[in-house]
């Protein structure tokens, strides 16, 4: 058996983070590029790290990435940073943009055309946070990697 490396204080080093980060520069292909990156990231998580990822998690991650990057492109000037990382049994989607104005979900309105992106993200995510940064803001959404075998969405209470 191989010895486990330890720090001088006797603690084991932290597990290597599973994540990827990309800067999106603002051309018309950003949203498709971000979705493609998200799908490739989760495929690598399965293949290289042996973590199970449901098809639903893959689809929802791409949807959330699309909505968050679309909003950042629409409302904030300059580059957008996207970070995808595995945190336990969820994928965290973190999008930073330069606009300091925090988004607010609008009241549901079936007659409204467009502007449903934040509502969609909040409906499918197991966690959602918005933080103002020294420059701009950071939005984090969490999607469960697996579905509950009973049919419920993992991490959410059925209504």
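The values are calculated or read from the model by the stated rules, or taken from the named source; none is laboratory data. A quick note: this is a predicted structure, and the numbers were derived from the prediction, not measured. Neighbour counts run over all protein chains shown; Cβ positions are idealised from the backbone, glycine included.
Worth pointing out:
- The stretch 106-130, subset surrounded by 15 or more Cβ atoms within 10 Å (Cβ to Cβ) and touching a helix residue (DSSP H, G or I) at 6+ places or on another chain (Cβ under 8 Å), residue modelled with the lowest pLDDT: 117
- Yes/no for residue 99 being at pLDDT 90 or above, surrounded by 15 or more Cβ atoms within 10 Å (Cβ to Cβ) and part of a loop (DSSP other than H, G, I, E, B): yes
- Among the residues of the stretch 133-159, those that are surrounded by 11 or more Cβ atoms within 10 Å (Cβ to Cβ), out of contact with any strand residue (DSSP E or B) (no Cβ under 8 Å at 6 or more places or on another chain) and either under 25 Å from residue 98 (Cα atoms) or modelled with pLDDT of 90 or more (or both) comprise 135, 146.
- Matching residues, the stretch 120-137, being farther than 24 Å from residue 88 by Cα and either under 11 Å from the mean Cα position of the chain (by Cα) or assigned to a loop (DSSP other than H, G, I, E, B) (or both): 133, 134, 135, 136
Okay, residues lined up against (1) part of a helix (DSSP H, G or I); (2) surrounded by 16 or more Cβ atoms within 10 Å (Cβ to Cβ):
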position: 34; (1), (2): yes, yes
position: 38; (1), (2): yes, yes
position: 42; (1), (2): yes, yes
position: 57; (1), (2): yes, yes
position: 74; (1), (2): yes, no
position: 86; (1), (2): no, yes
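- Members of the stretch 42-85 found to be farther than 25 Å from residue 101 by Cα, modelled with pLDDT of 95 or more and in contact with a helix residue (DSSP H, G or I) (Cβ under 6 Å, 6 or more places away or on another chain), listed by number: 42, 53, 58, 60
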